[in-house]
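Coordinate-derived values only; no laboratory data. Note that the coordinates shown come from a computational prediction; the quantities given were computed from them, not determined experimentally. With ideal geometry, Cβ positions are generated from the backbone for all residues, glycine too; neighbour counts draw on all protein chains shown.
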Amino acid sequence: MERRRLGRSSLQVPPLCFGCNVFGWTVDEATSFALLDAMLERGINFLDTADVYSRWVPGHQGGESETIIGRWLKARGNRDRVVLATKVGIDMGEGRVGLKPARIAEAVEASLKRLQTDYIDLYQSHRDDPDTPQDETLGAYAKLIEAGKVRVIGASNFTAERLTEALTLSETHGLPRYESLQPEYSLAERAGFEGPLEQVCRENEVGVITFFSLAAGFLTGKYRSEADFAKSERGARSIPKYMNERGMRILAALDEVSGMTGAEPAAIALAWLMAKPAVTAPIASATSLKQLDTLVAATTLKLSAEAIAKLDATGP
């Protein structure tokens, strides 16, 4: 499987990143282990999680996903085979929020403990913190990199202006730079990334790891009417906004390309992202081995120019 360099860093990653937010939420520990084993066997060794996953679940405190990954890494003894990404910045309760140096220093130790590792490959600012000067945040990351606790840093949910500011500060003051960005980007959600944000990433060689790459499952094609919302709690919450004329146009295009290629809509939607010059790897999750196989199939699916044009024509 091909490997892509993440930004200007030395990190080499596959064209797909496995989203681990489902671990401890919609997937129990045993199934999580099975998915992680199968993922690694199929050549996908890039894992994305966050300290806050899955604090939104009643009774959870955050850190559930990291804890399961840590137990798996310890049980398998395969840390050196995995590119591990996690995040800091979203509210963990009791004032633990934001990107101030003290918060980052505290959070990284907690993540390292849960993950049962002594370093994180990609440590990401989960959300911009306008109340903290960016040079202070980058300085905190510099200390972690110097200590060997973090290899590379990235950002998530940043605007083009704030990402540009951070990159300029890094260059001007010799600070670590964000080597990756996590924006929301998919066939169903294009306007937020295509344009200034994409331009900043391409001009500065910032890797792009897209989240909600399948639009909460809408791009799998399993949601076609209101009656389908009951297929999942997440679907009932997130899918209705896509059930409009443009959404139906997207599904029709996916169906047409599926007829051309024999591939499933989910694989096509991911392959479309992988074909974008700015995208390093889309993030996608699976809750079963069958779903995982669909994700992996996307990594070898090469869409024709005609297929890409049909999908592009669904509009931003």
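Between K113 and R3, the contour length at 0.36 nm per residue exceeds the Cα-Cα span by 36.7 nm. Projected label points at A102 and R81, each 7 Å from Cα along the beta carbon direction, are separated by 4.2 nanometres. Length available on full extension from N244 to T261: 0.36 nm per residue minus the Cα-Cα distance, which gives 3.5 nm.
Across the alpha-carbon set of region 1-107, the Rg to Rh ratio works out to 0.99, Rh being the Kirkwood radius. Charges at C-beta only: +1 for Lys and Arg, -1 for Asp and Glu. How large is the resulting dipole of the chain about its Cα centre, in Debye rounded to 20? Value, rounded to 20: 560 debye. Computed log10 I(q)/I(0) for region 4-182 at 0.09, 0.17 Å⁻¹: -0.29, -1.07, from the Debye equation with unit scatterers placed on every C-alpha and solvent omitted. Using only the C-alpha atoms, the convex hull of the chain corresponds to 128 Å³ per residue. Just name one of V152, S65, T210: the one whose Cα is farthest towards the positive end of the charge dipole of the chain (beta-carbon charges, Lys/Arg +1, Asp/Glu -1). Of V152, S65, T210, it is S65.
The distance between label points at D131 and K143 comes to 2.0 nm (points 7 Å beyond Cα on the Cα→Cβ vector).
Each other residue within a Cβ distance under 10 Å of V152 adds +1 if Lys or Arg and -1 if Asp or Glu, for a net charge of +1. In this label model, D37 and E184 are separated by 3.6 nm, measuring between points 7 Å along each Cα→Cβ vector. Restricting region 25-100 to GluC sites (Glu not before Pro) that sit in a DSSP loop and have at most 14 other Cβ atoms within 10 Å of their own Cβ leaves E94.
Taking the number of Cβ atoms within 10 Å of each Cβ as an exposure proxy, the fewest-first ranking of S180, S54, S258 is S258, S54, S180.
One Cα centroid belongs to region 143-175, the other to region 254-308; the line between them spans 31 Å.
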